[in-house]
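Worksheet: the structure to be examined is printed underneath.
The values are calculated or read from the model by the stated rules, or taken from the named source; none is laboratory data. Being a predicted model, the structure only gives us computed values, none of them experimental. A quick note on method: Cβ atoms are made from the backbone with ideal geometry, for glycine too, and the neighbour counts reach across all protein chains shown. Only protein heavy atoms, including side chains, enter the accessible area calculation; ligands, DNA and RNA are left aside. Shrake-Rupley method; radii C 1.70, N 1.55, O 1.52, S 1.80 Å.
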Amino acid sequence: MQPDDEELLFDIFFPGDRKSLSEIKSHDRKFAYYTSADTAQKIIQNEEVWLRNATVMNDFSEITYGLSLAMKALSSSSDNSFYKAANSVFPGVMNKICPRLSKLEWHWRTETYISCLSLHESSEDWNGRLSMWRAYGDIALIINNTPLVADTDQLGVFSTPVHYLDQTGAEKRLQTVAQAITDNVNFLRGLGEDCFMDWTVHMVFLAAIGTKHPGFSEEKEWRIYFRPTEHPKSILARKVVVINNVPQEIWALPLRHDPDNGLHHAGIPSLLDRRIIIGPTPYPYVSFRAFVNLLEKAGVNDAARKVVLSDIPLRTSG
């Protein structure tokens, strides 16, 4: 398959996503990783970020939400746009795709590992985002986009924007895909039925892990995901850890510059070359000194200028 073919496939099955990625590259947008101070410390000291099983994260219900929307949208399309568009490419292909989706559904829920980032706005450089402080922790690591937008699949780790949709929105998005399929029948037919089925299944998978309720839209989330059964030779390390008294397997993504293995400028000094924001805390000076020390040991230049204290007057309970 030629690179141009893959780009067109993305535009057909994931409308708007490639444009979002292009804008992040062209405008050098940053991401924020909102987390606890304890987790932020471990990320910097151990030079790794953990991808956790979706079933032990807040995201488990959200995967259920996205998958439910996608499957209902497909079902409501059984007599119209999407089914007709797909079957116009390969007659009867949906009769093959639907059983495949049924077999994969539980595996997607239980063997998908995720980490979540938020698209960062320059206006948030000094204070962060109040809703994220309330929901996710007291440290924001502001990171460069290079590792997320690098054109490689060597790691088996991928990123996707989250779409904030209700059922109507999910159905409209599927109708957009259906129209794109109709407009590109000959192209899709030329790639073969197996290719068409694979991309359709992947479309539903990303809808499952990359769709949230519109009420969460302020998060501007992107998700990093890993499917170990599909990438058994990845350099990610499988570990058993205990989080909140729950023993669990995680996959540790190393943070280093290792382009031969698909890691592009992912080392701590280049990844965190912008800043760390310390959220509202009763101990700002102590937290500031601690994270400056962590960055200096990680090789970050001018560390004291890259740790800032949010002055949002958020009152914490207790």
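Relative contact order of the stretch 179-261: what whole-number percent is it, with Cα pairs under 8 angstrom and at least 6 residues apart?
Value for the stretch 179-261: 14 percent.
Which entry is the computed semi-axes √(5λ) of the Cα gyration tensor in Å for this structure: (i) 32, 23, 20; (ii) 38, 20, 19; (iii) 65, 20, 16?
Looking at semi-axes √(5λ) of the Cα gyration tensor in Å for this model, the match is (ii).
Output the relative contact order of the stretch 1-140, whole-number percent, from Cα pairs under 8 angstrom with separation of 6+ residues.
It comes to 46 percent, rounded to a whole number.
Solvent-accessible area per residue for the stretch 177-272 at a 1.4 Å probe radius, Å²?
Computed with neighbouring chains in place, this is 47 Å² per residue.
Are there any chymotrypsin sites (Phe, Trp or Tyr not before Pro) in the stretch 2-78 that are in a DSSP loop and have at most 13 other Cβ atoms within 10 Å? List them by number.
Hits after loop and neighbour filter: nothing returned.
Starting from the amide H of K212, placed 1.01 Å from N in the peptide plane, find each other amide H under 5 Å away whose residue is 5 or more places distant or on another chain.
When sequence neighbours closer than 5 places are left aside, the close amide H contacts are H163, Y164, L165.
Once neighbouring chains are kept in place and the probe is 1.4 Å, which whole percent of the accessible area of the chain is contributed by carbon and sulfur?
For the chain, the apolar C and S fraction of the accessible surface comes to 50 percent.
Using θ = phi - 60° and the Karplus curve 6.51 cos²θ - 1.76 cosθ + 1.60, what whole-Hz ³J(HN,Hα) does each residue of the stretch 26-31 get, with Gly and Pro shown as x?
Each residue's phi maps through the Karplus curve to give 5, 9, 6, 5, 10, 10 Hz.
Give me the percent relative contact order of the chain, please, defined on Cα pairs under 8 angstrom at least 6 residues apart.
For the chain, the relative contact order is 28 percent.
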